[in-house]
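Step one of this worksheet: look at the structure below.
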Amino acid sequence: MVLIPFLLCWGSFLNVLSHRLIRGVDIVFQRSRCPLCQKNISWFDLIPVFSWLLLQGKCRQCRGAISALYPFIEILTPLIMIPLILWTPLRYIPAYFLFFSALIVTIRSDIEHLLISRFVTLFLIPVGLLLSSVNALPITFLDSLIGALLGYGFLLAIASLFRWITKKDGMGQGDLELLAFIGSFTGIIGCWMSLLIGSILGTLYGLLCTPLSKKTSVKIPFGPFLSFGAISYVLWQQSILNALFGF
Ligand SMILES: [Zn+2]
């Protein structure tokens, strides 16, 4: 139970990280400011979820709207980290904790800005390779390496084909790097399953939401769906592998 407050605060930190990585703001030394009026935020207004609810999603000083993504990410963090901690063998938890944290940062920045920071995808691929080679992940180094290359290569092929047919960009560079990062932490099968689950989730979302909005060219970020695909795979990988291969 002591974990929940810690994970809510960790979610709050991931919110800040996502916000600052995209804007190139100092991560460690700058105090939290209101993104609208730039005034410093007091510690008692930084309590995860509760402060946002108490202030009804508005800044105490300028009364400007504070994004609902803040409490969303703060609640999402314990919701996915607690099953991870309960269901995963102890020696894999640190690596997956880092993996999930990077995916949460990606989910936030891609929903908010349609941008994915390389600091939480591309630059962490060597970490995935290293962790797999020291048995901190349940995949081999080779599996991690091929997973990363496959993730990048497959999306590159789809993106090129899409551009050739429609003469439009359907996928961003960030999505390619994200799937490469996912492949480096989950291997070949994980990379495929994340893409498969992510594509199903994305298609369902598109089908449910497109008729509601009049704009047909509205951009839907793919990163959050890939991330949720990877999170689902990691949490349920034993059942998925059982169903696929019977082991
Ligand atoms: Zn403000």
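Results, tabulated for the structure shown:
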quantity	calculated
Other-chain or far-sequence residues with amide H under 5 Å of Thr140's (modelled H)	none
Alpha carbon convex hull of the chain, projected area averaged over orientations, nm²	15.3 nm²
Compactness of segment 117-247 - radius of gyration and Dmax, Cα, Å	15.6, 51
Spacing of the two label points (7 Å from each Cα toward its C-beta) at Asp169 and Ser199, in nm	2.2 nm
Paramagnetic reach from Ile4 in segment 34-62 [backbone N under 19 Å; point 7 Å along Cα→Cβ]	47-54
Cα coordinate range in segment 61-146, projected on the principal axes (Å, largest first)	51, 29, 18
Gain on full stretching of the segment that runs from Lys219 to Val25 - 0.36 nm per residue minus C-alpha separation	67.2 nm
Virtual spin-label span in nm between Ile82 and Ile47, 7 Å along Cα→Cβ	1.9 nm
Helix axis angle, 223-245 relative to the chain longest principal axis, alpha carbon, degrees	40 degrees
Under 20 Å from Lys168, Cα to Cα: aspartates and glutamates that are on another chain or at least 8 residues apart	Asp110, Glu177
Spacing of the two label points (7 Å from each Cα toward its C-beta) at Ser67 and Asn135, in nm	4.2 nm
Under 5 Å, built H, 5+ apart or other chain: amide partners of Lys58	Ile66
Computed [θ] at 222 nm, helices only, for the chain once each DSSP H run of length n ≥ 4 contributes -39500 (n - 2.57)	-22500 deg cm²/dmol
Whole-number D in µm² s⁻¹ for segment 14-104, Kirkwood Cα-pair radius fed into Stokes-Einstein, 20 °C, 1.002 mPa s	146 µm²/s
Net dipole in debye of the chain [+1 Lys, Arg Cβ; -1 Asp, Glu Cβ; about Cα centre; nearest 20]	860 debye
Highest-fluctuation residue, Ala148, Ala136, Ala230 considered, GNM on the chain with Cα pairs under 10 Å	Ala136
Mean separation of Cα contacts under 8 Å (6+ apart) over length of segment 1-56, as relative contact order %	26 percent
Normalised contact order of segment 88-247, rounded percent, pairs of Cα under 8 Å and 6 or more residues apart	25 percent
Ordering of 149-156, 235-242 by burial proxy (mean other Cβ atoms within 10 Å per residue, highest first)	149-156, 235-242
Backbone HN-Hα couplings from phi across segment 71-77 [Karplus 6.51/-1.76/1.60, Hz, Gly and Pro as x]	x, 4, 5, 5, 7, 4, 4
For Arg33, residues with placed amide H under 5 Å, excluding near neighbours	Ile41
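A short reminder: the numbers here are calculations on the coordinates, not readings from a lab. This is a predicted model, so every value here is computed, not measured. In this analysis, Cβ positions are derived from the backbone assuming ideal geometry, glycine residues included, and neighbour counts consider all displayed protein chains.
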